[in-house]
Amino acid sequence: MKIAIDGYCYHRHFNQHYPLLEQEAVPQLDFWQCLEQAIQFQIEGISIESFMLPDPTEDDILKLRQILSAQQLELVWAWGHPSGFESGQNAQALVDFQKHAKIAQALGAKTMRICAGGRKSRPQGTWQNHKKSLLPLLEKATDFAIQHQLTLALENHVDLLADEIVNLVKTINSPHFGICLDTANNLRMLEDPWQAIEKMAPYAKATHIKDVQAFQGDPKTFAFWPSVVSGQGLIPLEKTFHLLNQLNYQGLLALEIDYLHPQYTSEYDAFSQSLNYLKNLKQSVLNQR
C-alpha cells in the first residue's frame, strides 16, 4: 500500500470547479506546477487525471516518465471525469478512452482508473437496463486494456451502488478489471459507507481515500457532503486500511479532496494534514500485522 495523491485534488486549477460551491483557483497552477507541489508532500504514488494533461506530446510523456522514475512514484492514469461512458449512453467515449489507454501505457502505468458515469448520468430506470447499456462498453474497454497491458479500476462515482459495481466486476470476470474504491461516494448515495467499502474492497485495484462530513441542505445533493481533512469526517478510514491490508491490497492509497468544506481556508493545508494522517495511519496498521 502506497500513500498517494489523486490529481483531482487540484481540480480548481483546471476549470473543473463546482459552480455555486467553489471558485476557480487563484493563482492557477499548470500541470507541472501541481506535480511539483504534490511531490513535495513526499508521496509514494500519484493518480493523474487525464484533464490535467489531455493531449501530451512525446516530450511531455518523456519528461513525465523521467520525473516519475526519479521520484520513484507509482502512476495511475485516471480517465472519465465527469461522466465517462455516461452510464452506457455514450459509445463514442470509447475513442477517448482508447486514446488515454495508449497514453497510460506510454507513461508506464499498470492501472487506469475509469468512470462509467457520474452523479448526473445515473439513469432512473432499473439496474437491469442500466447494466444492459453499460456492460458492452466496459467489456470493450477491458479487451482494449488487456491489449495494452493495463488493469482497469472502475470508480464508484456516485453512479453505481456497491452491489451494482460488484455485479459488474463479477460479470466481466477478468483480472484486468476491478474497482477504484472511493471511500465516501456511496455515502453520497445514502448507502452505509462501511458496508459499501466491505463489499467493494476485495475487488480494489486503486483507491480514492476521501473523508466527508454532513454539512447543510438536502442529503441527496452533492453539496451536503463536502470533503474534509482525512480523519475528521464520517468515513471509517482506520477500518478501511485494516481491511485493505488484510486483503493484501498492493495499490495506491490516493487522497482525494473534491469540494472542500468551507470551514477550511487553505487547500494546501488540507492536503498536507490529510497526507500526514494517512501516512501515520498506514504505519500504525502495518505495525499491527
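What to note about this one:
- Intensity falloff of the stretch 180-283 expressed as log10 I(q)/I(0), Debye formula with alpha-carbon point scatterers, at q = 0.15 Å⁻¹: -0.57
- Extent of the stretch 99-149 along its three principal axes (Cα atoms, max minus min coordinate, largest first): 39, 20, 15 Å.
- Assuming charge only on the beta carbon of Lys and Arg (+1) and of Asp and Glu (-1), the dipole of the chain about its Cα centre is about 740 debye to the nearest 20.
- Most positive-pole-ward Cα, Ala201, Ala106, Leu29, against dipole of the stretch 2-287 from beta carbon charges: Ala201
- Among the listed pairs Lys110/Lys170; Lys210/Lys279; Lys140/Lys170; Lys2/Lys279; Lys170/Lys210, those beyond 18 Å (Cα-Cα): Lys110/Lys170; Lys170/Lys210
- Proxy reagent accessibility, fewest Cβ within 10 Å first, across His130, His100: His100, His130
- Globularity ratio of the stretch 159-211, using Cα Rg and 2.2 N^0.38 Å: 1.04
- Pairs of Cα atoms farther than 26 Å apart, the stretch 89-232, %: 25 percent
- Residues whose placed amide H lies under 5 Å from that of Leu29, excluding near-sequence neighbours: none
- Ellipsoid semi-axes for the chain, based on the Cα gyration tensor and the rule √(5λ), read 25, 23, 20 Å when sorted largest first.
- For the stretch 1-122, the Cα gyration tensor yields ellipsoid semi-axes of 23, 19, 13 Å (square root of five times each eigenvalue, largest first, whole Å).
- Of the residues Leu68, Ser87, Pro54, the one whose Cα sits farthest toward the positive end of the charge dipole of the stretch 52-97, with +1 on the Cβ of Lys and Arg and -1 on the Cβ of Asp and Glu, is Leu68.
No value in this document is a laboratory result; all are computed from the given coordinates. Remember, predicted model here, so these are calculated numbers, not experimental data. Note that each Cβ is placed from the backbone with ideal geometry, even for glycine, and that neighbours are counted across all protein chains shown.
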